[in-house]
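Quick notes on the structure that follows.
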Amino acid sequence: MNCQDFESLALALARDSLLDNTTREQGLIHTEGCERCAARLAEERALHTRVRAVVAELAGEEPPARVDAALLAAFRAHTVTPATSNVLPMLIRARHWPSWRLAAVAAGILILIAVMTIFWRSSSSLKPQRDGRAGLPAPVITPQRPAPKMGGEPPVDRDQVVAEQPKKLPKSARRRASADSSDEAEVVTQFYPLREGEDLTELESLQLVRIELPGSALSEVGLPVDPETVNEPVKADVVLGQDGLARAIRFVR
Amino acid sequence: MTKPMVPSDAELLRLMLAGDEQAFTTLYRRHKGHIYRFALLMSGQTSIAEEVTQEVFLALLRNGSRYDPARGSLTSYLCGAARNQVLLLLEKERPYVQLVEESDDGEAVPITQLIAGDDPLGDCTRNEANRLVRQAVLALPERYREVIVLCDFQELSYAEAALALDCPVGTVNSRLHRGHALLLQKLRAAVRLDTTASDAQGMRCFA
């Protein structure tokens, strides 16, 4: 056996695996007469020992319970509505952004809101006679008005809708919700509790799950449903507790 | 007394796709550690490891029927999915955090530039040798890092790693050899740098 042959066996020799006795013996005999290969084998063995130590250290590392809960909820959502294959649970990222990135995103949102406010006010002052609703997106979902009447409804304040924030959630969930909703300038409703009498701020951790529901689901929380779009999917964010149970819901457009 | 039958991954997957929650939780418990630790070793970030674990099992929910047991183990299949997710997330992170500077020949930047973990206090208390190994692995170019994590840390066979990485077994073998050489080189450099740092600390002037 020469040094080149030995090199191809070094890893297996160090791991003591995948070698028959004859090959192993030949390799070890080679190291007795070759200092360089002996050192090479010693180094590989030391590396193998270190790797084993890291493996042992990481043996208990597992995803936190919130990942388990979120996946279980996603499984349930996936299996409960197999016929409507448009139900695609998307778990909101549980990434911990660096503070400077959060600050940058927050600053960006504030600037966007300020620019939109200035733009909207200047355009409405130029056209004072125009109907307040004409230039607005007229969201189907009207936050803070669970069951508005169709006639005589005052114009929806767009600033109020854009800046809408969940009120009963812990700060971390609000921050995440705000950052997520800013991605595509989504219009969201307030969060509607799904379990009466529970204070969400007392829960240790929460997870947001983006799902799609039939339009008829709006009526479940007292929101108006357009008969023409009743079967069209509606996006919603569901707040899950650590146990995977849904605690609150908001609708997104 | 006969031992209770342990259902195979393929059987559990079939039941899971039919809506059996127990099968899903069993399958998840069986593999979540592997996937999480693979992503953790590949990225060095728990947040990425969590996200990868979520995405891999969500993908299994959606596309689990694509898995073919005849091609290889479910572990390989899931590791392949996890690897794709990790690379995707690391690519997204790259504009913000330059984890590894690669030159054309696969050399990485000195390890000192990479000592900035998410959890500095935890880093200090961890075993020093293990910390050095993990950081040296993180400093490897991705193509070597993934092979080393799969074969050395996850103990997959070359064939299983080849399936996960979608490449020939020969490529796994050659990358593993090259990866080991780079890893040893980095560890030697890290130990040298550590020694230099502690020497310098000893010479600190308090006047």
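Would you kindly identify the helices (runs of 4 or more DSSP H) lying entirely within the range B:109-162 that contain at least 2 residues that are modelled with pLDDT of 90 or more, out of contact with any strand residue (DSSP E or B) (no Cβ under 8 Å at 6 or more places or on another chain) and away from chain A (no Cβ under 14 Å)? Counting at least 2 such residues, we get B:142-148.
Number of residues in the range B:1-28 that are more than 9 Å from every other protein chain (Cβ to nearest Cβ) and either within 27 Å of the chain's Cα centre (by Cα) or within 26 Å of B:A161 (Cα to Cα) (or both) equals 13. Taken over the range A:28-62, the residue count meeting the criterion of being within 18 Å of A:R15 (Cβ to Cβ), away from chain B (no Cβ under 11 Å) and in contact (Cβ under 8 Å) with a residue 12 or more places away in the chain is 6. The set of residues in the range B:29-63 that are part of a helix (DSSP H, G or I), more than 9 Å from chain A (Cβ to nearest Cβ) and within 10 Å of the chain's Cα centre (by Cα) comprises B:H34, B:F38, B:A39, B:M42, B:S43. Here A:V51, A:V67 are screened, and the one residue that is under 30 Å from B:F24 (Cα atoms) and either more than 45 Å from the chain's Cα centre (by Cα) or assigned to a helix (DSSP H, G or I) (or both) is A:V67.
A:D16 - would you say it is more than 14 Å from chain B (Cβ to nearest Cβ) and either of a type outside the set (K, R) or surrounded by fewer than 19 Cβ atoms within 10 Å (Cβ to Cβ) (or both)? No: the conditions fail for A:D16.
The values are calculated or read from the model by the stated rules, or taken from the named source; none is laboratory data. This is a predicted model, so every value here is computed, not measured. All Cβ positions, glycine included, derive from the backbone under ideal geometry; neighbour counts span all protein chains shown.
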